[in-house]
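S.K.: Here it is, the structure, as structure tokens.
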Amino acid sequence: MKVKPEFRGMIALNVHPFGCRQAVREQIASVGRRGKFAGCKKALIIGGSSGYGLATRVVSAFGCGADTIGVSFETGVSGKRLGSAGWWNNIWFKEEAEKCGLVARNFVGDAFSREMKDEVIDYIKREFGGQVDWVVYSLASGRRTDPADGRTYTSALKSIGCEVEGATIDINKKKIVTGRMAQASDEEIAATIKVMGGEDWLLWIEALAAAGVLARGCKTTAYSYDGPKATRAIYGGGTIGAAKRDLEAKGREIDRIMKRLGGEGFVTVCRAIVTKASVYIPLLPIYVSVLFKVMKERGVHETAVEHIYRFMRDMVYGNRRVTDDEGRVRPDNWEMDPAIQAEVERIMPQVNDDNLETITDFAGFMDDFLKINGFGYEGIDYDGELDSDELARYRY
Ligand code: NAD
């Protein structure tokens, strides 16, 4: 079977397994070029199969030399479906880590469930040396079943207070279209907080602490996004922003638990990148295309793994931490630099169908978007036949 990129809206319908291998290898090579630093030794990454979670796992393993556990929700090969990108990222990460003598254990299933927490804790106790010293919460999900009452909550990407309109990109037609975000009901706001807020991060930390598997001095973080004025109505001021505020409130509770262990817990605000989760948010594609252009021109653009490398080396394990008034760690300081934002704000209102590819880095946005699913890599034979039976034999 041949696999070509196909999309429905911003959802990728297929994936190239060997392109994903290239993606993982390039992340590892990027860390290799930057060099090793002293940091974590035993890392647990919840949401470790793609985006920021995978980048964190790569930096933990190949930057710090840590053994890692990754928890993710991914689908494998079934019939003509070749699995999700994260499925393959797990397989290739493990392969590369083991080549270097590192332990890389993947758990695939629902991180929100009690069973997953128990399974991971049991594994840490029995086979992972008994404790972890770095726990990163990097889930992005649209649904969550609360183990307390068995109810399933669905998050809503909506605005709060009034309907919001904003330009976004139709990637198939390469045209600017108007994206509308409906106003969320109170129930939708509450459901989004349930899914993307901090409750589950707190449940993880409570379970890990109660089981005695957090090492003395252990650190934990969850990733958040703030974004500039340009996206405020849609992101910060919308349902997802409300969920992130809940994450920050839970982060303060988590910090108190961690402090008792001589460690710390904090929320980290990361820069905007192209991931499976982020392309979904209206306005973000156009903002990111402009941001990439401005940051690349000024030589301060970072990929996910470069961003997490700087964050972990300088701000987690080094002494160059940037924080804000709320105690959040801010590796997004380069994105939020007033000079960068002023230029982005100047360009954004000018973007139209004719200049999309010249005054923005739409090409860079699309390149990243394709690469998340293993497309667009040099050296991969995209015309070659893939054998799904053979691919089904790979194990994570
Ligand atoms: P992503 O879609 O690339 O990764 C999400 C991860 O969550 C995957 O590993 C997926 O398998 C896992 N996951 C989802 N549901 C799960 C479940 N029920 N059980 C187990 N695993 C599950 O997303 P991302 O963009 O890297 O986002 C990760 C975090 O980073 C989010 O909190 C997001 O808000 C934050 N963040 C993202 C950006 C950005 O621009 N992408 C910027 C700043 C912060």
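S.K.: By how many nm would the segment from Lys173 to Met1 grow when fully extended, if each residue of separation counts as 0.36 nm and the alpha-carbon distance is taken off?
M.R.: Stretched out fully, the Lys173 to Met1 stretch lengthens by 59.2 nm.
S.K.: Something else about it: Hey, can you grab everything whose amide H is under 5 Å from the amide H of Thr220? Only 5+ residues off in sequence or another chain; H modelled, so Pro and N-termini drop out.
M.R.: Residues meeting the amide H criterion: Val135, Glu264, Gly265, Phe266.
S.K.: Mean shadow of the stretch 185-265, computed from the convex hull of its alpha carbons, in nm²?
M.R.: 5.6 nm²
S.K.: Could you go through the stretch 380-396 in sequence order and give the Karplus-derived ³J(HN,Hα) for each residue, using 6.51 cos²θ - 1.76 cosθ + 1.60 with θ = phi - 60°, rounded to whole Hz, and x for Gly and Pro?
M.R.: In residue order, the calculated couplings are 9, 7, 6, 9, x, 7, 10, 9, 5, 5, 5, 5, 5, 7, 5, 10, 8 Hz.
S.K.: Summing +1 for each Lys or Arg and -1 for each Asp or Glu, what net charge is found among the other residues whose Cβ lies under 11 Å from the Cβ of Ala184?
M.R.: Residues near Ala184 contribute -3 overall.
S.K.: Which of Thr192, Thr145, Thr231 comes first, and how do the rest follow, when ranked by fewest Cβ neighbours within 10 Å? Intermediate results must be reported in sequence, preceding the final value.
M.R.: Details: Thr192 28, Thr145 15, Thr231 24.
Result, fewest neighbours first: Thr145, Thr231, Thr192.
S.K.: Follow-up. In nm, give the distance between the simple-model label positions of Tyr123 and Val103, each being 7 Å from the Cα along the Cα-to-Cβ direction.
M.R.: So the label points at Tyr123 and Val103 sit 1.1 nm apart.
S.K.: Also, I was wondering about something else. Which loop-located chymotrypsin sites (Phe, Trp or Tyr not before Pro) does the stretch 276-333 contain, where loop means any DSSP state but H, G, I, E or B and the Cβ has at most 12 other Cβ atoms within 10 Å?
M.R.: Sparse-neighbourhood loop chymotrypsin sites (Phe, Trp or Tyr not before Pro): none present.
S.K.: Continuing with the same structure: By count of other Cβ within 10 Å, fewest leading, how are Asp368, Asp381, Asp314 ordered? Could you put the intermediate results ahead of the total?
M.R.: On the way: Asp368 19, Asp381 10, Asp314 15.
By the 10 Å Cβ count, ascending, the order reads Asp381, Asp314, Asp368.
S.K.: Something else about it: Taking a virtual spin label 7 Å from the Cα of Glu390 along the C-beta vector, which residues in the stretch 61-77 bring their backbone nitrogen under 19 Å of it?
M.R.: So the set is 77.
S.K.: Given the C-alpha atoms of the stretch 61-102, compute the convex hull and give its volume per residue in Å³. Before the final figure, lay out the partial values.
M.R.: Values: hull volume 2.9 nm³, N = 42.
Considering the Cα atoms of the stretch 61-102, their hull volume per residue is 68 Å³.
S.K.: For a label point 7 Å from the Cα of Lys80 along Cα→C-beta, name the residues of the stretch 1-31 whose backbone N is under 14 Å from it.
M.R.: Residues passing the 14 Å test: 1-4, 6, 13-15.
S.K.: Roughly how many Å is it from the Cα centre of the stretch 297-374 to that of the stretch 70-134, as a whole number?
M.R.: First find each Cα centre; the distance between them is then 29 Å.
S.K.: Ok, one more. With both partners inside the chain, how many of the DSSP beta bridges are antiparallel, as a percent to the nearest 5?
M.R.: Details: 16 of 43 bridges.
Within the chain, antiparallel bridges account for around 35 percent of the total.
S.K.: Suppose the Debye formula is applied to equal point scatterers at every Cα of the stretch 1-74; what is log10 I(q)/I(0) at q = 0.19 Å⁻¹?
M.R.: Reported log10 I(q)/I(0), two decimals: -0.83.
S.K.: Over all alpha-carbon pairs in the stretch 279-396, figure out the percentage whose distance exceeds 23 Å. All intermediate terms of the calculation are to be shown ahead of the outcome.
M.R.: Working: 3338 of 6903 pairs.
Percent of Cα pairs beyond 23 Å in the stretch 279-396: 48.
S.K.: Right, next: Taking the inverse of the average 1/r across all pairs of different Cα atoms in the stretch 188-234, what Kirkwood radius in Å do you get?
M.R.: Computed over Cα pairs of the stretch 188-234, the Kirkwood hydrodynamic radius comes out at 13.2 Å.
S.K.: Once the piece of chain linking Ala38 and Glu206 is laid out straight, how much longer is it, given 0.36 nm per residue of separation minus the C-alpha distance between them?
M.R.: 57.8 nm
S.K.: Need one number: convex hull volume per residue for the stretch 344-383, Cα atoms only, in Å³.
M.R.: Here the figure is 92 Å³ per residue.
S.K.: Still on this model: Highest mean first, how do 215-223, 387-395, 25-33 rank when packing is the count of other Cβ atoms within 10 Å averaged over residues?
M.R.: Peptide ranking by packing, descending: 215-223, 25-33, 387-395.
S.K.: Continuing with this model, one more query. For the chain, what is the convex hull (Cα atoms) projected area averaged across all directions, in square nanometres? Kindly include the intermediate steps, with their values, before the conclusion.
M.R.: Working: hull surface 76.2 nm².
So the mean shadow area of the Cα hull is 19.0 nm².
S.K.: Find the relative contact order for the chain and round it to a whole percent, using C-alpha pairs within less than 8 Å whose residues are 6+ positions apart.
M.R.: This gives 21 percent for the chain.
S.K.: Where does each of 112-123, 195-206 land if you order them by average Cβ count within 10 Å, highest first?
M.R.: Final packing ranking: 195-206, 112-123.
S.K.: Per residue, what volume in Å³ does the Cα convex hull of the stretch 155-298 take up?
M.R.: It is 128 Å³ per residue.
S.K.: Working out 0.36 nm times the residue gap between Glu165 and Thr358, then minus their Cα-Cα distance, what length gain in nm do you get to one decimal?
M.R.: Working it through step by step, the gained length comes to 67.1 nm.
S.K.: With 20 Å as the limit, write out which pairs from Lys175/Lys244; Lys36/Lys117; Lys4/Lys371; Lys175/Lys293; Lys4/Lys296 have Cα-Cα distances beyond it, or answer none.
M.R.: Lys175/Lys244; Lys36/Lys117; Lys4/Lys296
S.K.: Below 8 Å between Cα atoms, with a sequence gap of 6+, how large is the relative contact order for the stretch 157-262 in percent?
M.R.: 36 percent
Bear in mind that the values in this text are calculations on the coordinates, not laboratory data. All values reported here derive from a predicted model rather than from experimental measurement. Counting neighbours? That spans all protein chains shown, and the Cβs are built from the backbone with ideal geometry, glycine included.
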